[in-house]
Amino acid sequence: MEQINTKDAGDWRVWEEKDLTKTRSLMASIAGEAAKKQGNESFLKFFLSLLTERHGGNRVPLNDRDVFIDVAGQCGLDVTRFKEDLRDPNVLEIIAKDHTEAVEVHGAFGTPTFIFQNGQSAYVKTFIPPVNESMAAFEHFVGLFSDRSYIGEIKRPQPPWPKGSV
């Protein structure tokens, strides 16, 4: 999302950066692709662990190679292979292709953008719902946006947003 949210990017492409530590989160995308090379289950474990490390209180940086290696080890990935895959230049081509499709085909501008099987897409900004409401909230979101292309945007007036949620 750094690419799409950069003002006046011109010909600059985040995936062409030489020093990945200067990017906000490109390394996280690279690490995710490296984890995928060890299978979908490995990727899902890695992704959930990284999300927890980032948003579960630790706020780990998304431009620190050691963070990703630590998370990969905690998830039981083959760390030697993971380190090799972090350096694979083909991974950047996958990221560039995925970014271009997300923006040009699905209109993505932020995360999370959900892309439904019928091609519809929707971005949602939310706080973590109470556990007892989480599944119903997700099902309502999917029901509202997966098949109803005539709903373009819903936004709560700000500030404060959302009143009473925090």
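The values are calculated or read from the model by the stated rules, or taken from the named source; none is laboratory data. As the structure is a computational prediction, the values presented were derived from the model and not from experiment. When we count neighbours, we look across all protein chains shown, and the Cβ atoms used for this are built from the backbone with ideal geometry, even at glycine. Note: accessible area is taken over every heavy atom of the protein model, side chains too, but ligands, DNA and RNA are not part of it. Shrake-Rupley method; radii C 1.70, N 1.55, O 1.52, S 1.80 Å.
Observations on the model:
- Between helix 131-145 and the chain there is an angle of about 80 degrees, using the helix long axis and the longest principal axis of the Cα atoms.
- Accessible area of the chain belonging to carbon and sulfur atoms, whole % at 1.4 Å probe: 52
- Folded to 0 to 90 degrees: helix 89-104 orientation relative to the chain principal axis, Cα: 20
- Coil-residue chymotrypsin sites (Phe, Trp or Tyr not before Pro) of region 1-103, DSSP, other Cβ within 10 Å capped at 12: 12
- Residue-normalised convex hull volume from the C-alpha trace of region 83-156: 141 Å³ per residue.
- Packing here is the average count of other Cβ atoms within 10 Å per residue, and on that basis the peptides 144-150, 58-64, highest first, run 58-64, 144-150.
- Helix 26-36 and the long axis of the chain differ in direction by around 80°, with both axes built from C-alpha atoms.
- Across region 21-68, Cα-Cα distances exceeding 16 Å account for 34% of all pairs.
- Our Cα-only numbers for region 1-130 put the radius of gyration and Dmax at 15.1, 43 Å.
- The lysine pair count for the chain, using Cα distances under 22 Å and pairs eight or more places apart or on different chains, is 18.
- Computed from the C-beta positions of residue 118 and residue 150 and an R0 of 22 Å, the FRET efficiency is 0.95 to the nearest 0.05.
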